[in-house]
Each structure stands twice: as C-alpha cells, then as structure tokens.
Amino acid sequence: MAIRRREPRKDAGDGKTGQPAAPPPCSCCGGGLDASDPRFNITLPEPVATLDDAEYARQVTVANDAIVVAQDIGGFVRALLPIGLDDGRTTTIGVWVGVAPEVFAHVVTVGRGERDYDEMQFDGRLANPLDPWGDRVYGKPVSAGVDVPSRGRRRTPRLLASPDPLVTRILTERWPAADILTGTRAWALPYDPQAPRATHHH
C-alpha cells in the first residue's frame, strides 16, 4: 500500500480555524460539495497527527484513506461517524479507530478480498477528539462495521455502537447544527432545504 505524503495538519472542524463562507471543492475530484449531505474526513489519527515531521517519516509505514500504520503506535482503520442534526440532516465525519494487531490483521484480510466483505466488523477505540465533545470521546471503545448484508458493496465501515454513554448519545440523538458544524465544517451551516441538491456527493 502506498504511503500518503504528509500534508500540513488540517483541522476537520474543531473550532480552531476560520469559518469559510463557501464550501471548498472536493479533494478527490474538485466537484462541489452538498450542504444537504455534509461529509468530512479527519486526515489522521490523533497520535499520528501530533508527530513532528521527522517522527512521522520514521514511524509511518502506511497512510491512505482507509488505514494508517505507525510502527511504535499501532494500526488505525477509517470509520464513518454519523451525527444527526437538529435541522433534519445527518453529517458524516470520517474518524479513525485504533485497533489491536489481530483486529488490524482481520481488517486487512477482509479488505484484500480474502474473506467475505460482510466480515468487515471490528472493535477498537476512537482515535480522534471531536468538538464539541473534545477529549471526552477520545479513546472511547467503539464497534464499527459495514451494513450486513453488504451485497458486495465495499463501503467504508460505520461506527455502530459503543458502551460509552456519551458516544451512544452522539450516535442516537440529534445535535444543534451550529455546535457540530464549526471550523472548516461551517460552510455547511447555511443550509436551504429548498435548494436543489448538488450533483456531486463527497
């Protein structure tokens, strides 16, 4: 797997950056993003994002949109965190889940197609703080997986459950959009439900 070139650390909307007035273009294709279906990715797991450049170059052996491996830190798997908003929308944030070595091996085996994709189910710990909850969610245990049956569709796993009461609330309750769509996510606040949907979905 390719090692992603380290980029300047990007904030996925923790309130510490300015609030853009318009949506940025999609990082994959340059298309427009849709405020009716706001989706965001956190670039790296927190333990990797906090490494300086020299340590990042020494530690990180794999970094792409699905997995990250750092020699002395461990393996991380991308999962989607759906958060219901009080205006009826759901925003989806791509977070990272730190997993044990045997769990990481299972994820890679399934990802390579050596096992049925319905077996893309795993437990781990949330590897990012996330505003407005900050460090209160960092390191909390979570369960993630694909919809079963996946019918052959290789979708990104989603966070499904957690024994932690706060994470359970995040997964099951609706939250004020202004509290969730902060920082670089704030472009999605001016949402007009009557506006035509953008043809591109990130």
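The values are calculated or read from the model by the stated rules, or taken from the named source; none is laboratory data. Treat the numbers as computed from the prediction; the structure is a model and nothing was measured. Virtual Cβ from ideal backbone geometry, glycine too; neighbours counted across all protein chains shown.
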For Arg78, which of the numbered conditions (1) buried (at least 18 other Cβ atoms within 10 Å of the Cβ); (2) touching a helix residue (DSSP H, G or I) at 6+ places or on another chain (Cβ under 8 Å); (3) among the charged types (D, E, K, R) fails to hold?
(2)
From Ala70, Ala49, Ala63, Ala54, grab the single residue that is modelled with pLDDT of 95 or more and surrounded by fewer than 16 Cβ atoms within 10 Å (Cβ to Cβ).
Ala54
Suppose we filter segment 76-114 for residues that are assigned to a helix (DSSP H, G or I) and of a type in the set (Phe, Trp, Tyr); how many remain?
1
Is it true that Gly98 is in contact with a Gly (Cβ under 8 Å, 6 or more places away or on another chain) and within 18 Å of Asn41 (Cβ to Cβ)?
yes
Only one of (1) out of contact with any Leu (no Cβ under 7 Å at 6 or more places or on another chain); (2) of a type in the set (Gly, Ala, Ser); (3) free of Cβ contacts under 8 Å to residues at least 24 places away in the same chain fails for Ser143. Which number is that?
(1)
Restricting to segment 156-201, and then to whatever is surrounded by 13 or more Cβ atoms within 10 Å (Cβ to Cβ), outside any helix (DSSP H, G or I) and in contact with an Asp or Glu (Cβ under 8 Å, 6 or more places away or on another chain), can you tell me which residue is modelled with the lowest pLDDT?
His201
Note down all Cβ pairs under 6 Å where the first residue falls in segment 153-181 and is over 13 Å from Pro82 (Cβ atoms), the second is among the hydroxyl-bearing types (Ser, Thr, Tyr) and at pLDDT below 95, and they're at least six residues apart or on different chains.
Arg154/Tyr117
Restricting attention to segment 115-138, and to residues there that are touching a residue at least 40 places away in the same chain (Cβ under 8 Å), in a loop (DSSP other than H, G, I, E, B) and out of contact with any Phe, Trp or Tyr (no Cβ under 7 Å at 6 or more places or on another chain), which single residue is nearest to Asn41 (Cα to Cα)?
Asp131
Pull up segment 140-155, narrow it to residues that are part of a loop (DSSP other than H, G, I, E, B) and loosely packed, with under 15 Cβ neighbours inside 10 Å, then point me to the one that is modelled with the highest pLDDT.
Arg155
Any residue at all in segment 93-111 that's exposed (fewer than 15 other Cβ atoms within 10 Å of the Cβ) and within 30 Å of Ala35 (Cα to Cα)?
no
